[in-house]
Amino acid sequence: MFHTEKINYGPVSVFLLYYDDFVTEEHLHNLLPSEHKKLESLNHSSRRREYVATRVLRTMHFGNEPILYSEIGAPYVEGEGFISISHANHVVGMAYCETFQVGLDLEPINEKVMRVKHKFLSAEEERLTNTSSVEEMIKVWSGKEALYKLAGRKKIIFAESLLLTRINEQKWKGRIYFPDNKKEVELILDVKDNFVISINPSPVYEVN
């Protein structure tokens, strides 16, 4: 029913919980009272399983501590450092780092990305990436989703403010550029089975 895996990227741990279709009612003991209410508001069975699986993974590593959210929607567990949560097909991921903010994205490798790549690629990325590769376009999309979680702002245009430059196959440089603030961060874009894991193994830093 559940299978777990831990992957370390430097000081960052990514905990993965793989699951098949399961009866959500058999795992409700992993939910806090407020989470029961949230679950009741979810109508789609796959969304309910995803929500419960996330709380199962939380309980495995932090006990029944609540997952709290900052004003920009970033999740955290009080007193436990920084976390980031993402989902793909039948897998939920939780990144954890004691000392700096993390942004995790899990993205299924799917050809649908080819229909929307023009919406998130900058002119520079169109020149420097393999735009005919589904896997590479998923990497860029996933990396930008991770950057979005690190940006600390809403209403971001992915093709303008979130930028990626490849260093090698797995290591990329992410840039978060706003008129009043510019930041950079190292990203790992890792291919695992049929999805991409995007995570920052080191802190975001400001640049001039």
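All of the numbers you see were taken from the coordinates with simple rules; none came from a lab. In this text the structure is predicted, and so the values were computed from the model without any measurement. So basically every Cβ, Gly included, is an ideal-geometry build from the backbone, and we count neighbours across all protein chains shown.
Contact order, relative form, for the chain: 17 percent (alpha carbon pairs under 8 Å, 6 or more residues apart, mean separation divided by residue count). The lysines whose alpha-carbon is closer than 28 Å to the alpha-carbon of residue 119, local same-chain residues fewer than 8 away aside, are 139, 144, 149, 154, 155, 171, 173, 182, 183, 192.
Once you sort the root eigenvalues of the Cα gyration tensor of region 2-97 as a ≥ b ≥ c, which label holds: rounded (a/c under 1.5), prolate (a/b larger than b/c) or oblate (the other case)? Verdict is oblate for region 2-97.
Contact order, relative form, for region 2-97: 31 percent (alpha carbon pairs under 8 Å, 6 or more residues apart, mean separation divided by residue count).
Each peptide among 182-191, 7-16 gets the average number of other Cβ atoms lying within 10 Å of its residues, and from highest to lowest they stand as 182-191, 7-16. Roughly how many Å is it from the Cα centre of region 15-84 to that of region 105-161, as a whole number? Cα centroid to Cα centroid, the span is 27 Å. Taking every C-alpha pair closer than 8 Å and separated by at least 6 residues, the mean separation divided by the residue count of region 105-206 gives a relative contact order of 28 percent. The peptide list 44-53, 98-107, 150-159, put in order of mean Cβ contacts within 10 Å with the highest first, becomes 98-107, 44-53, 150-159. The alpha carbon radius of gyration of region 105-206, expressed as a multiple of 2.2 N^0.38 Å, is 0.98. If the chain linking residue 182 and residue 21 were pulled fully straight, counting 0.36 nm for each residue of separation and taking away their Cα-Cα distance, it would gain 53.7 nm.
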